[in-house]
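Here the structure is laid out as structure tokens; the discussion comes afterwards.
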Amino acid sequence: MDPTPLLIPAAVVAAIAILSSVRVLFEYERGVVFRLGKLTRARGPGLIFLIPFGFERMRKMDLRIVALDIAPQDTITKDNVTLRVNAVVYFRVADPTKATVEIEDYHFATSQLAQTTLRSVIGQSELDELLAQRKRINEVVREIIDEGTDPWGIEVTGVEIKDIDLPQEMKRAMAKQAEAERERRAKVIAAEGEYQASTKLVLAAEVIGRFPIAMQLRFLQTVVEVAAENNSTTLFPIPIELFRPLIERQGPRDEKDQEATAKALKAAAESMLEALPQGGDRAAIEAAARRMVGLAVEARTEKAAVPVTAPSSADKS
């Protein structure tokens, strides 16, 4: 009897069995194998073989990290402020067998657990704490979700709060608070500057007290700063201390002394006029300066000309 008619079908059946039993898994995949409905173990990655004809079945599991977006949640904080918060959860399958056997849909279950945990944690926190300590809130939410998904073979690697939507009234109140805080800082800085400036002014006053001529230099510098622009006319008083050395001298006794005094007054007036800023009515200023010098000299001369008489005997009696 020729066995060839039997070998050909057997070879075809064997080829189909081999092809149906071969599986190729990537590095990030694992295959959870069931033999007649009973869990054996997870296999992979690479080339694996299964018992054909339905004796062994395999379910692929992806081990890569999944970014799960949490829908916006309306929550109330501990200090009774209504918020709308959304976040993102990063998790991965750590144990493929548990993720297959213990839970039907680990994506949906993890999403629901993340939503309830986020609302619970925010309800136990105040608004200022939520805004200032977001990193700590993220870590607390991650630990709670990771603890809840551990029996499912799911590892939560991170939780990040993406956005905190405040009511318009709360935004305006926070803006006013921030503005008031900035104004307070500005006033404190200005007061500190005034205090430092006052200490420097005290030191400057001590220097000017030791050197009175420094006051005149400061006066002339102020005049130059005030008349920086040529479109203004500045009138300022001339201190009599500028001419004190000339006033303290006695009046001229002869023509030579009068001529010397006139030259000295002219030189003083010219030096003073050179220090004045350009612009303005220089003729009027010059005339006023010369008039003040003349009045001072006349007053000094009259004072020196008053005779000093001794009291008479009648006055003594």
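The values are calculated or read from the model by the stated rules, or taken from the named source; none is laboratory data. No experiment lies behind these values; they were computed from the predicted model shown. Quick reminder, even Gly has a Cβ in these numbers, built from the backbone with ideal geometry, and neighbours come from all protein chains shown.
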Q) How many residues does the range 113-138 hold that are modelled with pLDDT under 90 and either of a type in the set (Val, Ile, Thr) or at positive phi (or both)? A) 0
**Q.** Verdict on THR110 being modelled with pLDDT of 90 or more, assigned to a helix (DSSP H, G or I), touching a Lys or Arg at 6+ places or on another chain (Cβ under 7 Å) and more than 23 Å from LYS171 (Cβ to Cβ)
**A.** no
**Q.** Unique residue being within 25 Å of LEU63 (Cα to Cα), of a type outside the set (Val, Ile, Thr), in contact with an Asp or Glu (Cβ under 6 Å, 6 or more places away or on another chain) and surrounded by 14 or more Cβ atoms within 10 Å (Cβ to Cβ) when the list is GLY158, GLY153, GLY148
**A.** GLY153
Q) Is it the case that ALA178 is modelled with pLDDT under 90 and assigned to a helix (DSSP H, G or I)? A) yes
Q. Out of the range 85-98, which residues are assigned to a helix (DSSP H, G or I) and surrounded by fewer than 21 Cβ atoms within 10 Å (Cβ to Cβ)?
A. THR97, LYS98
(Q) Condition (residue is in a loop (DSSP other than H, G, I, E, B), on the phi > 0 side of the Ramachandran plot, touching a Leu at 6+ places or on another chain (Cβ under 9 Å) and at pLDDT below 90) applied to the range 36-57: is it met by at least one residue? (A) yes
Q. Restricting the range 161-197 to residues that are in contact (Cβ under 8 Å) with a residue 12 or more places away in the chain and exposed (fewer than 12 other Cβ atoms within 10 Å of the Cβ), which is nearest to ARG64 (Cα to Cα)?
A. LYS162
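Every residue, every condition in (1) among the charged types (D, E, K, R); (2) within 13 Å of GLY158 (Cα to Cα), yes or no:
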| residue | (1), (2) |
| --- | --- |
| PHE55 | no, no |
| ILE65 | no, yes |
| ASN86 | no, no |
| TYR90 | no, yes |
| LYS98 | yes, no |
| ALA114 | no, yes |
| VAL141 | no, yes |
**Q.** Filter result for ARG64 (under 57 Å from the mean Cα position of the chain (by Cα), loosely packed, with under 12 Cβ neighbours inside 10 Å and not small (Gly, Ala, Ser))
**A.** yes
Q | Single condition PRO9 does not satisfy, out of (1) farther than 30 Å from LEU131 by Cα; (2) without any contact (Cβ under 8 Å) to a residue 24 or more places away in the chain; (3) part of a strand (DSSP E or B) | A | (3)
Q. Just a yes or no: is a residue in the range 124-142 without any contact (Cβ under 8 Å) to a residue 12 or more places away in the chain, within 23 Å of GLY31 (Cβ to Cβ) and of a type in the set (D, E, K, R)?
A. no
Q) What tally of residues in the range 116-128 results from selecting those that are within 33 Å of the chain's Cα centre (by Cα) and part of a helix (DSSP H, G or I)? A) 9
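One line per residue, one yes/no per condition, for (1) of a type in the set (Asp, Glu); (2) under 30 Å from VAL101 (Cβ atoms):
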| residue | (1), (2) |
| --- | --- |
| ALA132 | no, no |
| GLU143 | yes, yes |
| THR149 | no, yes |
| THR157 | no, yes |
